Amino acid sequence: MTMNRTAPHELTGPGPALYALQEAVWPQLHHPVRALVLKTFGEVVPLPLARGLRFEAGGEVFLNTAHNIFALGKWRSRAGLTDLRLVIEGEGAFTLTLTGELEGMGPDGIWKPPPPLTQSLSLTLTKGQRHEIDLASWLAGPALILHLALTAEGPGTLNALTWATRDAPRRLPHLALAITTFRREANARHAIDNFTGRPPMLEGLLDLIVIDNGQTLEPVDLPHIRVIPNRNLGGSGGFARGMAEAKALGASHCLFMDDDASLDMEGLKRIWTFLAHATDPRTAVAGALMSAEFPSELWENGATFAGSFLALGRGLDLAVPGDLFYGEITSLQPRVNFYGGFWCYAFPLEHVTHAPFPFFVRGDDTSFCIANGFANVTLPGVLCHQDVDFTEKESSQTLYLDLRSNLIHLVTLPHQGRALLRALTLPMRFFGRCLMQHQTDSLAALSTAVEDFLKGPDFVEAEPDLASRRASLSATRKVEVWQPLGEVPAPRGFINPHVVWQRRLMALSLNGILLPGFAFWGNRVVLTQRQRGIVRPVFGASDVWYVSTDGEKVMHIRQDKLLELRMGLRMAVNLVRLALAWPRLKRDWAKGYARMTRPEWWADQFERR
């Protein structure tokens, strides 16, 4: 993009141009965990409206946090940074301690970080003046992460702290946010309200496009905000429409976001700024997702797919500096078949070779990111929060969608070694997990997924909204149904699922299917909704109760030997058919994938009703 205006992140003041890379984040209401922002000791009080901090003598603030570390390694390697400065505004005398974290992964693959590098200096801040510190020595050194701490020598205030550079941006991205929603009016309204407070620095370079698949939202008469009624083609169709609308606006980059994923404006500014400075024009930024139940715990910081999914960083507690540094430094490693979730994924429109594939939902982000071969990066502070974890969204229908999309990935995406073997073992893993939990609705849905995959891409093209399939899956759901909470019986147990030999016995007997009378003497277990999909607690169980997170509903599942054996036979037949049809399936799906990821194909779908 030709730059014909001042870069919006240029800091005003005397001397050569200085550009903000990352501003410090102060505590605000939308940060659910304060330890993700800062840690304080002594007399340190946040100023109103998140405008900084007020100190008394001896007060300390530590910014070794998820929102405030500086990813020096990424800025150096991915943005070619040649100049780095720290700009501080406030009043009073302070001791500043800079710390640089080093590579901690040894050649043996064991994580053992060396002692960090540190530097301390005294500074006196004058109200209304900008204090600038040259960090050239750090930029040339081995540190991969920079963070700092401040100790007040007396009363004082800290109003702003900015990592900045004299390196001019390579481009001024015009970023269009594309949010897909379906009959969640409150979520969409919240996203629109948040956007009206977009950073003034991005005026004219930021647009919001809300794709209304439910066609229930009122039009919005605001600059740079558009609500587009759309045929319900799922998340895939919504994001494909959002991308088409972004191109029509003349945007250079598009940011896909879910309607229930919250990203603060500083995170949005960091995405824009990194895209502006990145050396590779194919650079895309993937946002991390935090756990809904444990808001300081990482759910996923990007993922990879090679026959199965590997969520990167899952379970790291970002409120713990050691976990935070480990996650950031290991994210510098190159990953084959990396992808970012569509809760927050920004990419360059010019380098899109494939639009999203019409999966309806589940798998569209995996396919899109990998097929387009973007240069992906994750950034500190680009963190999304959702109301519920994906485990709570699981159903027989989502399992159908997951397995079907995974099989399509295996025949359409690159770097899928031993694809046939993976295509045979993947359904077996899905099926085995549900079999151990006696989830017969899911067992039927998984076989249906394989059967629909065997039909080839014509099945998808004939009905991209999956209306009849979604209806049939709902109509045949008989067991895995949430009911109003009644009396839940007490657990009983004769088998200990945590004892290895007992667990192995249960696995060999298909969790009691091959044991006489198991339905009467097997364990009865009571679990939470979040535990649905976790196999170990149900080893040895013939009677399973799940209680919803809100405590108002219950799902009761009992072993049905005959039905489970019939489902096993059905899946076995389907896998034999899959193995025999594999060469044809590879050819047909490759052609169908190329056809259905063209913008022209989607344009035709948008015009239909």
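The values are calculated or read from the model by the stated rules, or taken from the named source; none is laboratory data. For clarity, every value in this text was computed on a predicted model and none was experimentally measured. Cβ coordinates were reconstructed from backbone atoms using ideal geometry, including for glycine residues, and neighbour counts include every protein chain displayed.
Taking the stretch 236-246, which residues are out of contact with any Pro (no Cβ under 8 Å at 6 or more places or on another chain) and either at positive phi or not acidic (Asp, Glu) (or both)?
The answer is 238, 241, 242, 246.
Report yes if residue 360 is farther than 17 Å from residue 413 by Cβ, over 17 Å from the mean Cα position of the chain (by Cα), in contact (Cβ under 8 Å) with a residue 24 or more places away in the chain and not in a helix (DSSP H, G or I), otherwise no. Steps first, please.
Numbers: farther than 17 Å from residue 413 by Cβ: yes; over 17 Å from the mean Cα position of the chain (by Cα): yes; in contact (Cβ under 8 Å) with a residue 24 or more places away in the chain: yes; not in a helix (DSSP H, G or I): yes.
Taking the combined requirement at face value, the residue satisfies it.
Any idea which of 87, 44, 25 is at pLDDT 90 or above and closer than 15 Å to residue 156 by Cα?
44
Does the stretch 224-243 contain any residue that is farther than 14 Å from residue 213 by Cα, charged (D, E, K, R) and in a helix (DSSP H, G or I)?
Here is the first cut: in the stretch 224-243, the residues farther than 14 Å from residue 213 by Cα are 224-225, 243.
Applying the additional criterion that residues be charged (D, E, K, R) yields none.
Looking for residues that are farther than 14 Å from residue 213 by Cα, charged (D, E, K, R) and in a helix (DSSP H, G or I), one finds none in the stretch 224-243, hence no.
Being in contact with a Cys (Cβ under 8 Å, 6 or more places away or on another chain) and either free of Cβ contacts under 8 Å to residues at least 24 places away in the same chain or closer than 30 Å to residue 472 by Cβ (or both): is that true of residue 345 here?
no
Please indicate, with yes or no, whether at least one residue in the stretch 128-146 is basic (Lys, Arg) and exposed (fewer than 15 other Cβ atoms within 10 Å of the Cβ).
Within the stretch 128-146, the first condition is being basic (Lys, Arg), and the residues that meet it are 130.
Those left that are additionally exposed (fewer than 15 other Cβ atoms within 10 Å of the Cβ): none.
Checking the stretch 128-146: not a single residue is basic (Lys, Arg) and exposed (fewer than 15 other Cβ atoms within 10 Å of the Cβ).
Residues to consider are 296, 252; find the one that is more than 19 Å from the chain's Cα centre (by Cα) and over 30 Å from residue 418 (Cα atoms).
Going through 296, 252 in turn, just one is more than 19 Å from the chain's Cα centre (by Cα) and over 30 Å from residue 418 (Cα atoms): 252.
Identify, by number, the condition in (1) over 32 Å from the mean Cα position of the chain (by Cα); (2) at negative phi that residue 92 doesn't meet.
(2)
Working only within the stretch 65-80, note down all residues that are crowded, with 18+ Cβ neighbours inside 10 Å and either in the same structural domain as residue 334 (by TED's automatic domain parsing) or closer than 14 Å to residue 19 by Cβ (or both).
75, 79
Take the residues in the stretch 370-398 that are assigned to a strand (DSSP E or B), of a type in the set (A, V, I, L, M, F, W, C) and more than 30 Å from residue 594 (Cα to Cα), then tell me which one is modelled with the highest pLDDT.
By that ranking, first place goes to 383.
Out of the stretch 506-527, which residues are without any contact (Cβ under 8 Å) to a residue 40 or more places away in the chain and either part of a loop (DSSP other than H, G, I, E, B) or over 14 Å from residue 495 (Cβ atoms) (or both)?
Passing the criteria: 509, 514, 515, 516, 517, 522, 526, 527.
Kindly indicate the residue of the stretch 384-406 that is in contact with a helix residue (DSSP H, G or I) (Cβ under 9 Å, 6 or more places away or on another chain) and free of Cβ contacts under 8 Å to residues at least 60 places away in the same chain and also farthest from residue 567 (Cα to Cα) among those meeting that condition.
Per the criteria, the residue is 405.
May I ask you to list the residues in the stretch 428-464 that are free of Cβ contacts under 8 Å to residues at least 24 places away in the same chain and either in a helix (DSSP H, G or I) or within 19 Å of residue 475 (Cα to Cα) (or both)?
Step one: list which residues in the stretch 428-464 are free of Cβ contacts under 8 Å to residues at least 24 places away in the same chain, which gives 432, 455, 459, 462-463.
Within the stretch 428-464, 432, 459, 462, 463 qualify.
Taking residue 564, is it part of a helix (DSSP H, G or I) and surrounded by fewer than 13 Cβ atoms within 10 Å (Cβ to Cβ)? Steps first, please.
On the way: part of a helix (DSSP H, G or I): yes; surrounded by fewer than 13 Cβ atoms within 10 Å (Cβ to Cβ): no.
For residue 564, the condition - part of a helix (DSSP H, G or I) and surrounded by fewer than 13 Cβ atoms within 10 Å (Cβ to Cβ) - is not met.
I'd like the full set of residues that are assigned to a loop (DSSP other than H, G, I, E, B), aliphatic (A, V, I, L, M) and over 28 Å from residue 316 (Cα atoms), limited to the stretch 41-66.
Hits for the stretch 41-66 are 47, 57.
Can you tell me which of 111, 163 is of a type in the set (Phe, Trp, Tyr), at pLDDT 95 or above and either in contact with a strand residue (DSSP E or B) (Cβ under 8 Å, 6 or more places away or on another chain) or surrounded by 13 or more Cβ atoms within 10 Å (Cβ to Cβ) (or both)?
163
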